[in-house]
Amino acid sequence: MTARYDCHYCKDSLFGKKYVQREENPYCVKCYNSLYSNTCEECKKPIGCDSRDLSYKDRHWHSDCFQCFKCRCSIADKPFTTKDEQLLCTECYANEYSSKCYECKKTIMPGSQKMEHKGNSWHETCFTCKRCQQLIGTKSFIPNDNSNYCVPCYEKQFALQCVQCKKPITTGGVTYHEQPWHKDCFLCTGCKEQLAGQRFTSQDGFPYCLTCYCNLYAKKCAFCTSPISGLGGSKYISYEERQWHHDCFNCTKCAVSLVGRGFLTERDSILCPECGKNI
């Protein structure tokens, strides 16, 4: 006698019928679809055992229902992505959400190499130097007037040349006597220290720091012998061939300030009128 071969769930005979094996147990198609088939996200109908079940992130679709949300083309065997849980083919996603190339205005497709700078994007092959047309890639570049230049081309076309070293000035130059200098080249004629960012003056057309200028050219105070720069509005007293700092112009005997007062001289001394009476 032949053994029975029945559906594990409804117990109907499976002889001569199509069935599905699950966990070593046989099921008729009807029971299997009812118990185990997934529901299609698109049409909400069961995905039977005789249909292709496509799944993505715990969601399921019939093969014919697995379509781009925008163009309704099948993406069953094509690359796709999602936006707000909606399936999109790469073309529709790119047209809707991808960046546009600043140079050629075409869409930069997802997954392709792109270059970005200050909110703009370029295809890698469109990101070129305006002057030499060579790819910039990851090399240094300088933007100018809505175009990009590699550093050598920018220097040739736009950069000023330093009066001292004759090399291009690309950042942070100094203008002196209407001529451009690198900060590192703009030095005191005397001590060779950088003058950029500090006070300086000139003598015979050459720049000097205040210290060098005072030591080399400033007159000396007749009292303290220190230089009198006269720069920046500092006050000093001059009489005949002698000069004094404002604070040094005092009576030689009583040390009272003679600024704005009459005074007398006795050889190298300056005296207030009271002390002068006793000469």
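Quick one: which of Ser55, Ser63, Ser112, Ser34 is within 30 Å of Gln133 (Cβ to Cβ), surrounded by fewer than 18 Cβ atoms within 10 Å (Cβ to Cβ), free of Cβ contacts under 8 Å to residues at least 24 places away in the same chain and not aromatic (Phe, Trp, Tyr)?
Ser112
If you go through region 241-258, how many residues are of a type in the set (Asp, Glu) and under 57 Å from the mean Cα position of the chain (by Cα)?
Result for region 241-258: 1.
Which of the residues belonging to region 134-174 are among the basic types (Lys, Arg) and either at pLDDT 85 or above or in contact with a His (Cβ under 6 Å, 6 or more places away or on another chain) (or both)?
Lys139, Lys166, Lys167
Hand me the list of strands (runs of 3 or more DSSP E) wholly inside region 126-236 holding 2 or more residues that are without any contact (Cβ under 8 Å) to a residue 60 or more places away in the chain and of a type in the set (A, V, I, L, M, F, W, C).
Filter on region 126-236 gives 141-144, 206-209.
Sort out which residues of region 70-84 are in a loop (DSSP other than H, G, I, E, B) and either closer than 19 Å to Asp53 by Cβ or more than 38 Å from the chain's Cα centre (by Cα) (or both), and write them in order of number.
Cys71, Arg72, Cys73, Ile75, Ala76, Asp77, Lys78, listed by residue number.
Quick check: is even one residue across region 19-40 part of a loop (DSSP other than H, G, I, E, B), of a type in the set (Lys, Arg) and over 30 Å from Asn148 (Cα atoms)?
No; the residues of region 19-40 include none that is part of a loop (DSSP other than H, G, I, E, B), of a type in the set (Lys, Arg) and over 30 Å from Asn148 (Cα atoms).
Is region 75-84 home to any residue that is of a type in the set (Val, Ile, Thr), within 25 Å of Ser98 (Cα to Cα) and crowded, with 16+ Cβ neighbours inside 10 Å?
Yes: one or more hits.
Take Cys221 and decide whether it is modelled with pLDDT of 85 or more, more than 34 Å from the chain's Cα centre (by Cα) and surrounded by 16 or more Cβ atoms within 10 Å (Cβ to Cβ).
Spelling it out, Cys221 is indeed modelled with pLDDT of 85 or more, more than 34 Å from the chain's Cα centre (by Cα) and surrounded by 16 or more Cβ atoms within 10 Å (Cβ to Cβ).
Which of (1) modelled with pLDDT under 85; (2) surrounded by fewer than 12 Cβ atoms within 10 Å (Cβ to Cβ); (3) among the small types (Gly, Ala, Ser) is the odd one out, the single condition Gly230 does not satisfy?
(2)
The values are calculated or read from the model by the stated rules, or taken from the named source; none is laboratory data. Treat the numbers as computed from the prediction; the structure is a model and nothing was measured. Cβ: placed from backbone, ideal geometry, glycine included. Neighbour counts: every protein chain shown.
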